[in-house]
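Visitor: This is the structure I want to talk about, given as structure tokens.
No lab work stands behind these numbers, since they all come straight from the coordinates. These numbers come from a predicted model, not from an experiment. A quick note on method: Cβ atoms are made from the backbone with ideal geometry, for glycine too, and the neighbour counts reach across all protein chains shown.
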Amino acid sequence: MNYRELDPLLLSPKRFVTLAHLSQVEQADFAGLQEATELPTTDLSKILKDLENRELIHISKERKYRYGITRVRLSDSGQRTFKKLMKTLNRIAGE
């Protein structure tokens, strides 16, 4: 076992809970993701921008009536990365 196998940015509680939620749904809108993770708007926005820059998620924006809706989903790379992270964590934990 080796700590270098783990990406500390993905293990940050706020990023981890965001990725974990997105791994369980096809996509989430910003408000739903914020409710599920209980993260403040500014924190979630920063996390999503970082995950998007790392190409782990896709973000799309739509207009519905006069309001914008932000939709978020894991990219293929994000799905693989999260599955690998969970396998590594389970292996390290001895499961």
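Visitor: Cα-based Rg of the range 44-95 per 2.2 N^0.38 Å, rounded to two decimals?
Guide: On the way: Rg = 14.9 Å, N = 52, 2.2 N^0.38 = 9.9 Å.
The value comes to 1.51.
Visitor: Have a look at Arg63, Arg71, Arg80 and tell me which one the Gaussian network model of the chain (Cα, springs below 10 Å) gives the largest fluctuation.
Guide: Arg63
Visitor: Okay, moving on. Pairs of alpha-carbon atoms within less than 8 angstrom and 6+ residues apart define the contacts here; what relative contact order does the range 8-88 have, in percent? Can you show the working numbers first?
Guide: Working: 82 pairs, mean separation 25.3, N = 81.
RCO, the range 8-88: 31 percent.
Visitor: For Rg/Rh (Cα atoms, Kirkwood Rh), the listed values are [x] 0.92; [y] 1.02; [z] 1.29; which was obtained by calculation from the structure presented?
Guide: Recomputing Rg/Rh (Cα atoms, Kirkwood Rh) here picks out [y].
Visitor: Under the rule of -39500 (n - 2.57) per DSSP H run of 4 or more residues, summed and divided by the residues of the chain, what mean residue ellipticity at 222 nm is obtained, to the nearest 500 deg cm²/dmol?
Guide: Result for the chain, helices only: -17500 deg cm²/dmol.
Visitor: What's the magnitude of the charge dipole for the range 8-88 around its Cα centre, counting Lys and Arg as +1 and Asp and Glu as -1 at the beta-carbon? Answer in Debye, nearest 20. Before the final figure, lay out the partial values.
Guide: On the way: 15 positive and 10 negative charges, 34 e Å.
About 160 debye.
Visitor: Give the cross-link partners of Lys61 among the aspartates and glutamates, using a straight C-alpha distance below 15 Å as the criterion and excluding same-chain residues fewer than 8 apart.
Guide: The reachable aspartates and glutamates, counting only those whose Cα sits under 15 Å from Lys61, are Asp29, Glu52.
Visitor: Between the range 31-52 and the range 1-30, what is the C-alpha centre distance in whole Å?
Guide: 12
Visitor: Just order 40-46, 28-34, 16-22, 55-61 by mean Cβ neighbour count inside 10 Å, highest at the front, would you? Present the calculation step by step, with values, prior to reporting the outcome.
Guide: Numbers: 40-46: 13.0, 28-34: 16.9, 16-22: 19.9, 55-61: 15.1.
Answer by packing, highest mean first, reads 16-22, 28-34, 55-61, 40-46.
Visitor: A further question follows. I'd like to know which of Gln34, Thr70, Leu9 lies farthest towards the positive end of the charge dipole of the chain, counting +1 on Cβ of Lys and Arg and -1 on Cβ of Asp and Glu.
Guide: Towards the positive end, the residue furthest out is Thr70.
Visitor: Report, ordered by chain and residue number, the aspartates and glutamates lying within cross-link reach of Lys84, taken as a straight Cα distance under 13 Å and ignoring same-chain residues fewer than 8 apart.
Guide: Glu5, Asp7, Asp76
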